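Engineer: Structure below; questions to follow.
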Amino acid sequence: MFPTELDSQWFHNNPDREFRLRRQSPAEFQAWPVPPEPGMAAWCIIRKADGAVEEFALPVGDEMDDYDEELMQLFDQLRDRTT
């Protein structure tokens, strides 16, 4: 997955942020090799420095804090699972 124009605009409007957390659109998560199970929502974290994206799922209704420090830790954990 690649960052969208909306992600670029978000970083432009939030220049102090290094990570963005957002729900994925149906078109984005339909590209997952294994789609999220029923009751799960697709999310992604975008890293501003290089546009890298990590995808994950949470139960519908669950939310996360949107702080760069926490997002960086989760991003790194997600990145490590694929290496």
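The values are calculated or read from the model by the stated rules, or taken from the named source; none is laboratory data. All values derive from a computational prediction rather than experimental measurement. All Cβ positions, even for glycine, are placed from backbone atoms using ideal geometry, and neighbour counts span all protein chains on display.
Engineer: For region 1-25, which residues satisfy the criterion of being more than 14 Å from the chain's Cα centre (by Cα) and either at pLDDT below 95 or over 20 Å from Glu69 (Cβ atoms) (or both)?
Structural biologist: Glu5, Gln9, His12, Asn13, listed by residue number.
Engineer: Exactly one of these conditions fails for Ala41: (1) touching a Lys or Arg at 6+ places or on another chain (Cβ under 8 Å); (2) modelled with pLDDT of 95 or more. Give me its number.
Structural biologist: The single condition Ala41 does not satisfy is (2).
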